[in-house]
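In what follows, a single structure is set out as structure tokens and then discussed.
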Amino acid sequence: MSRADTRPVYLNLFRIRLPIAGVMSIAHRLSGVLMAFLVPVGLYLLERSLSDAAGFDQVSAVFSGILARVLMLTVLWALLHHLFAGVRYLLLDIDVGVHKPVYRYTAWLVMVAAPVVAVLICMVSRA
Amino acid sequence: MSRQASGLQAWAVQRLTAIYLGGFFIYLIVAVLLDPPASVELWRARFGGVASVAWLLFVLALCWHAWIGIRDVVLDYIHPPVWRLSALVAFGGGLVACALWGFKIILLAAGG
């Protein structure tokens, strides 16, 4: 048996400590894929809301239901995470925040700021 | 654009569209929070003139950005050629259809 055949092929993902920037990066992808699937949903709501008074009221009512508001919070979280992580990537492109420990702090900042701002926006929009 | 540079083009497009989408979403969220449209007429009024151009650019940027992102994810995780091609055709076709649908919605709202 050659050495190559004895390599461990089984990786227990729970024993690999993924750095926070890695978690943030995966969430950036997940939120992007989720929102890509939601593009037709958003277009449908936009079309209904612009169609006539009845459609406008329908879409307004959708956004005021409790279930819809929980869904909206989730989508808003995805959007804000994608946005904040994206801004962080753009800054990394121009060499801002590339080094330790700053890139870890900014990854944490993205992880925390997205849900916090999403909740704030939902609270403000209740009024 | 040469084959070698096509990856660079996608990289640049992803960042340009990201900047536009970021700015547009922040503006949209703030505008709707500060001044929620009270009726369909007032809502439609936000799609006329210059705003219609901004909305059309938004739909284009959104679908293009989503396409490049989805394409990267598909190429990373789906390896069998048949599945990969099927996924790319499905997502690509879906997003082109979404872009055309979005243009129609904006133009109808801007004209009516």
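Screening B:Gly69 against (1) of a type in the set (Gly, Ala, Ser); (2) in contact with a helix residue (DSSP H, G or I) (Cβ under 7 Å, 6 or more places away or on another chain); (3) away from chain A (no Cβ under 12 Å) leaves a single unmet condition, (3). The residue that is farthest from the other protein chains (Cβ to nearest Cβ), counting only those in region A:24-38 that are without any contact (Cβ under 8 Å) to a residue 24 or more places away in the chain and touching a Leu at 6+ places or on another chain (Cβ under 9 Å), is A:Ile26. Residues that are without any contact (Cβ under 8 Å) to a residue 12 or more places away in the chain and either aromatic (Phe, Trp, Tyr) or more than 30 Å from B:Ile26 (Cα to Cα) (or both) within region B:48-75 comprise just one, B:Leu75. When the residues of region A:1-32 are filtered to those that are loosely packed, with under 10 Cβ neighbours inside 10 Å and small (Gly, Ala, Ser), the one that is modelled with the lowest pLDDT is A:Ser2.
For B:Trp83, the conditions (1) aromatic (Phe, Trp, Tyr); (2) under 25 Å from A:Gly86 (Cα atoms); (3) at pLDDT 95 or above are fulfilled apart from (2). Residues in region A:87-110: is at least one in a helix (DSSP H, G or I), more than 10 Å from every other protein chain (Cβ to nearest Cβ) and within 29 Å of B:Ala110 (Cα to Cα)? No, there is no match, as no residue in region A:87-110 is in a helix (DSSP H, G or I), more than 10 Å from every other protein chain (Cβ to nearest Cβ) and within 29 Å of B:Ala110 (Cα to Cα). Looking at B:Leu16, B:Leu56, just one residue is assigned to a helix (DSSP H, G or I) and either open to solvent by 60 Å² or more (accessible area, probe 1.4 Å) or in contact with a Ser or Thr (Cβ under 7 Å, 6 or more places away or on another chain) (or both), and that residue is B:Leu16. Taking into account only those residues within region B:29-41 that are in a helix (DSSP H, G or I) and either under 24 Å from A:Val75 (Cβ atoms) or in contact (Cβ under 8 Å) with a residue 40 or more places away in the chain (or both), which is most open to solvent (accessible area, probe 1.4 Å)? Looking at the filtered set, the residue picked out is B:Leu34.
The values are calculated or read from the model by the stated rules, or taken from the named source; none is laboratory data. Predicted model, so just to flag it, every value in this text is computed and none were measured. All Cβ positions, glycine included, derive from the backbone under ideal geometry; neighbour counts span all protein chains shown. Quick note on the areas: whole protein, heavy atoms, side chains included, nothing else; ligands and nucleic acids left out. Shrake-Rupley method; radii C 1.70, N 1.55, O 1.52, S 1.80 Å.
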